[in-house]
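Here the structure is laid out as structure tokens; the discussion comes afterwards.
The values are calculated or read from the model by the stated rules, or taken from the named source; none is laboratory data. In this text, all values refer to a predicted model and were calculated from it rather than measured experimentally. Quick reminder, even Gly has a Cβ in these numbers, built from the backbone with ideal geometry, and neighbours come from all protein chains shown.
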Amino acid sequence: MSRLYLSPPGVVCATGPDLAALRAAVFASAPSGVALNDVVWPGHSLHLGAVATPLPSVDALPLEQRSRNNALLLAALAQIRREVNAAIQRHGAERVGIVLGTSTSGVAESEAALLALAREGQLPEGFRVEQQELGSPALMLAELLGLGGPHYVVSTACSSGAKALASGARLLRAGLCDAVIVGGVDALCGMTVAGFTALESVDAARCRPLSATRSGINIGEGAALFLLSREPSAVCLSGWGESSDAHHISAPEPSGRGALAAMREALGRAGLEPADIGYLNLHGTATPQNDAMESCAVAELFGLALPCSSTKPLTGHALGAAGAIEAAIAWLTVAGDGRLPVHHFDGQRDAELPAIRLVAPGDRLAAAPRHVMSNSFAFGGNNAALVLSHG
């Protein structure tokens, strides 16, 4: 099988408008990105991973495609547009596909429309219910770029972005495409903030993965896009694994059985052993159950010496985009100089969890790791793990 390569990603998230901003944030000694605000829930000040930089206008899109979600996607697309255009020119529009992960799509637009309906007795003229259709991001990109290849959205909550990369790889392996735009996108909205708050899973302060004081997530937003193809690049997608433990509608299976299955499958597909992985980006949500499950699974598979970190205190948990944004962080690590993404928390380790190695400020390797893994776990026990390797 030929290798599958990932272009330098286009990314926008709470750390800033591009890959350079993300690089600066994840290797920095002090945390940034997530900030205190009430942008989606007026009167409730929470630490959220909101994108503060201006986004591209969606005014030129059809009404049914005008959403903040699609504006985030356009911001990421602009950063890889040259590679995308070259792929279309090289392979033809029918041979370029799109697979994206999302969970909110245009829910924020529907929330605003329903508030207007309650206030004014009618829906706003510019609102279309199709704005919250889950397939909207892929349809928008396909129409904008004039693509005729397969284009669809994966929506499996917090594993969506990672699973989109795996799905794109399968399209290439099956010979259905010669290049696939893969990634994830999600915009902040009141529904997710209120929903996770109802589950008692939201922390008003900056989240603290694996801390004894952890109490929940910071919800975020953003987008990350790659061009996945056989054209050589600095980083390849060498393995992916997916599993479903189906333990509970929202809680993970406590032993980490499903997480282990996904990680082992990713290693097997990459032809690697656990000792070959040089860094692991944790799902690391800072919820009590996720962190307990994941640290147990990581310790069982890798032992306690592998450098690990959760980057969600920087980006927030971007839900359907999280796996793609964290794949971008893995890309930066493989293509880097030995620096590792820092694990920011209060330093109070939970003594009841396995003492896996957490990356401290200043920690680095002699050279960039040849292979890194990124974990994404979701409601319903839907698990995904990716392995990115030096090209």
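Return yes or no: is Ser255 part of a loop (DSSP other than H, G, I, E, B) and either of a type in the set (A, V, I, L, M) or touching a Phe, Trp or Tyr at 6+ places or on another chain (Cβ under 9 Å) (or both)? Spelling it out, it is not the case that Ser255 is part of a loop (DSSP other than H, G, I, E, B) and either of a type in the set (A, V, I, L, M) or touching a Phe, Trp or Tyr at 6+ places or on another chain (Cβ under 9 Å) (or both). Only residues that are under 18 Å from the mean Cα position of the chain (by Cα) and of a type in the set (S, T, N, Q): list them for region 29-83, please. Within region 29-83, Ser32, Asn69, Asn70, Gln79 qualify. Take the conditions more than 22 Å from Val51 (Cβ to Cβ), modelled with pLDDT under 95 and of a type outside the set (Ser, Thr, Tyr) and apply them to Ala261. Does it pass? Spelling it out, it is not the case that Ala261 is more than 22 Å from Val51 (Cβ to Cβ), modelled with pLDDT under 95 and of a type outside the set (Ser, Thr, Tyr).
Tell me which residues, restricted to region 208-234, are hydrophobic (A, V, I, L, M, F, W, C) and crowded, with 24+ Cβ neighbours inside 10 Å.
Leu210, Ile217, Ile219, Ala223, Ala224, Leu225, Phe226, Leu227, Leu228 - these are the residues of region 208-234 that are hydrophobic (A, V, I, L, M, F, W, C) and crowded, with 24+ Cβ neighbours inside 10 Å.
Summed over region 157-191, residues that are at pLDDT below 95 and either aromatic (Phe, Trp, Tyr) or within 14 Å of Leu134 (Cβ to Cβ) (or both) total 3. With the structure loaded, tell me whether Ser155 is under 17 Å from the mean Cα position of the chain (by Cα) and either among the basic types (Lys, Arg) or surrounded by fewer than 23 Cβ atoms within 10 Å (Cβ to Cβ) (or both) or whether it fails that test. Considered against the rule, which asks whether it is under 17 Å from the mean Cα position of the chain (by Cα) and either among the basic types (Lys, Arg) or surrounded by fewer than 23 Cβ atoms within 10 Å (Cβ to Cβ) (or both), Ser155 comes out as yes.
Need at least 3 residues that are at pLDDT 95 or above per element, so show me which strands (runs of 3 or more DSSP E) inside region 1-64 make the cut, counting only ones lying wholly within it.
Counting at least 3 such residues, we get 10-12.
You will find that of Leu365, Leu386, Leu332, the residue that is more than 19 Å from Leu19 (Cβ to Cβ) and of a type in the set (A, V, I, L, M) is Leu365 and no other. Checking Arg66, Arg3, Arg81, Arg23 one by one, the residue that is of a type in the set (Lys, Arg), surrounded by 17 or more Cβ atoms within 10 Å (Cβ to Cβ) and more than 20 Å from Pro313 (Cβ to Cβ) is Arg66 and no other. Within the option set Ala378, Ala327, being of a type in the set (A, V, I, L, M) and at pLDDT below 95 holds for one residue only, Ala378. Among the residues of region 122-138, those identified as within 26 Å of Ala87 (Cβ to Cβ) and in contact with a helix residue (DSSP H, G or I) (Cβ under 7 Å, 6 or more places away or on another chain) are Ser136, Pro137. If I filter region 303-317 for residues that are touching a residue at least 24 places away in the same chain (Cβ under 8 Å), crowded, with 23+ Cβ neighbours inside 10 Å and more than 27 Å from Pro254 (Cβ to Cβ), do I get at least one hit? Taking every residue of region 303-317 in turn, at least one turns out to be touching a residue at least 24 places away in the same chain (Cβ under 8 Å), crowded, with 23+ Cβ neighbours inside 10 Å and more than 27 Å from Pro254 (Cβ to Cβ).
If you check Ala25, Ala21, Ala14, Ala52 for being under 15 Å from Trp331 (Cβ atoms) and in contact (Cβ under 8 Å) with a residue 12 or more places away in the chain, only one passes: Ala25. Scanning region 174-207 for residues that are closer than 30 Å to Arg3 by Cα, surrounded by fewer than 24 Cβ atoms within 10 Å (Cβ to Cβ) and touching a residue at least 24 places away in the same chain (Cβ under 8 Å) gives Leu176, Asp178.
Being small (Gly, Ala, Ser), touching a helix residue (DSSP H, G or I) at 6+ places or on another chain (Cβ under 9 Å) and surrounded by fewer than 24 Cβ atoms within 10 Å (Cβ to Cβ) is the filter here; which residues of region 84-108 pass it?
Scanning region 84-108 gives Ala93, Ala108.
Against the test of being at pLDDT 95 or above and either of a type outside the set (Gly, Ala, Ser) or outside any loop (DSSP other than H, G, I, E, B) (or both), the options Ala275, Ala305 yield a single qualifying residue, Ala275.
If we scan region 111-125, do we find a residue that is of a type outside the set (Gly, Ala, Ser) and within 20 Å of Val11 (Cα to Cα)? Scanning region 111-125 turns up no residue that is of a type outside the set (Gly, Ala, Ser) and within 20 Å of Val11 (Cα to Cα). Filtered by the rule that a residue be in contact with a helix residue (DSSP H, G or I) (Cβ under 6 Å, 6 or more places away or on another chain) and on the phi > 0 side of the Ramachandran plot, region 241-292 gives Ala246, Gly256, Gly284. Keeping to region 142-168, report how many residues are closer than 13 Å to Leu227 by Cβ and out of contact with any strand residue (DSSP E or B) (no Cβ under 6 Å at 6 or more places or on another chain). Counting residues in region 142-168 that are closer than 13 Å to Leu227 by Cβ and out of contact with any strand residue (DSSP E or B) (no Cβ under 6 Å at 6 or more places or on another chain) gives 1. Answer yes if at least one residue in region 337-349 is at pLDDT 95 or above, within 13 Å of Val26 (Cα to Cα), basic (Lys, Arg) and assigned to a helix (DSSP H, G or I), and no otherwise. Checked against the condition, which is being at pLDDT 95 or above, within 13 Å of Val26 (Cα to Cα), basic (Lys, Arg) and assigned to a helix (DSSP H, G or I), region 337-349 yields no hits at all.
Entry remark, region 338-391: residues being within 18 Å of Arg257 (Cβ to Cβ) and within 18 Å of the chain's Cα centre (by Cα) number 12 in total.
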